[in-house]
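Remarks on the structure that follows.
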Amino acid sequence: MSSLTPSGKVIGPKQRKVALLGSRSVGKSSLTVQFVDQHFVDSYYPTIENTFQKLVKHKGQEYQLDIIDTAGQDEFSILSSRHAVGLHGWILVYSVSSRSSFEMCSIIREKILNYTGRESVPMVLVGNKSDLAVQRQVTKEEGAALAASWGSTAFLETSARTGENVQRVFEQIVVQIEAELNPAPAPAQKGGCLLM
Ligand SMILES: Nc1nc2c(ncn2[C@@H]2O[C@H](COP(=O)(O)OP(=O)(O)OP(=O)(O)O)[C@@H](O)[C@H]2O)c(=O)[nH]1
């Protein structure tokens, strides 16, 4: 539980709410379960919607993450307000073995921006199933280039099967959220006068 100091400062974990979105079967549930419970389930059960909680630490501060694992989206899905309003960050997942799931991430991002009316939001783009080398359809460079074209979006390739980079996805979304809520002060200009 968080509590307040006499000066009103919050001590204890800060609450942050994030959602995983992406096409069906890209590994949203597997990434969440690997992160929260450190295990991998081989079988596939389509998700309706689940919420998980986990405490993470970043720069000495604890964060209580509420993680919404959503149902797989397609281009005709309507983005629910639950997946846009009141959220701090978004994790967009594709499978490196599915080009259509990669393309779907751009469509979902547009929907989030339209829904929130913002030009950018804290976001991590995740290329999951990096262990499936033979079935790969999307290169790491393509994933990195797409995230770079979106501005401050972080990019990671992961494997929910091996656990590779799974922890980092959730650390990165906290970094993105904090960068937005507490932007670093602009560097002070050197010298006090302008030469005309
Ligand atoms: N090889 C491999 N398989 C994975 C990986 N992540 C998930 N899978 C498998 O892919 C299938 C779908 O995984 P889910 O986690 O259910 O996918 P989802 O995105 O939550 O699916 P929806 O609920 O339909 O949206 C399952 O059979 C998983 O075992 C991975 O990193 N590597």
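The values are calculated or read from the model by the stated rules, or taken from the named source; none is laboratory data. Computed from a predicted model, the values in this text were never measured in an experiment. No Cβ is skipped: glycine too gets one built from the backbone with ideal geometry, and neighbour counts run over all protein chains shown.
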### Message
Suppose the filter is away from the ligand (no atom under 12 Å from the Cβ) and more than 16 Å from the chain's Cα centre (by Cα); does GLU119 pass it?
### Response
yes
### Query
So which pairs qualify, if the first residue must be in region 72-86 and within 16 Å of LEU113 (Cβ to Cβ) and modelled with pLDDT of 90 or more, the second must be in a loop (DSSP other than H, G, I, E, B) and within 15 Å of the ligand (Cβ to nearest atom), the Cβ gap must be under 9 Å, and the two must be at least 6 apart or on different chains?
GLN73/SER23; GLN73/ARG24; GLN73/LEU79
### Task
Please enumerate the residues belonging to region 27-40 that are more than 6 Å from the ligand (Cβ to nearest atom) and touching a residue at least 12 places away in the same chain (Cβ under 8 Å).
LEU31, THR32, VAL33, GLN34, PHE35, VAL36, GLN38, PHE40
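Specify which of the listed residues (SER149, SER106) is over 28 Å from VAL33 (Cα atoms), more than 16 Å from the ligand (Cβ to nearest atom) and either modelled with pLDDT under 95 or surrounded by fewer than 16 Cβ atoms within 10 Å (Cβ to Cβ) (or both).
Result: SER149 is the single residue among SER149, SER106 that is over 28 Å from VAL33 (Cα atoms), more than 16 Å from the ligand (Cβ to nearest atom) and either modelled with pLDDT under 95 or surrounded by fewer than 16 Cβ atoms within 10 Å (Cβ to Cβ) (or both).
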### Enumeration of residues in region 1-26 that are away from the ligand (no atom under 15 Å from the Cβ), at pLDDT 95 or above and among the hydroxyl-bearing types (Ser, Thr, Tyr)
none
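Considering only residues that are under 26 Å from ALA179 (Cβ atoms) and assigned to a loop (DSSP other than H, G, I, E, B), which ones fall in region 43-72?
Correct list: LYS59, GLY60.
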### Residue check, VAL166 surrounded by 19 or more Cβ atoms within 10 Å (Cβ to Cβ), at pLDDT 95 or above, of a type outside the set (Gly, Ala, Ser) and under 18 Å from GLY27 (Cβ atoms)
yes
### Query
Within region 83-130, how many residues turn out to be part of a helix (DSSP H, G or I), touching a strand residue (DSSP E or B) at 6+ places or on another chain (Cβ under 7 Å) and farther than 22 Å from PHE40 by Cα?
7
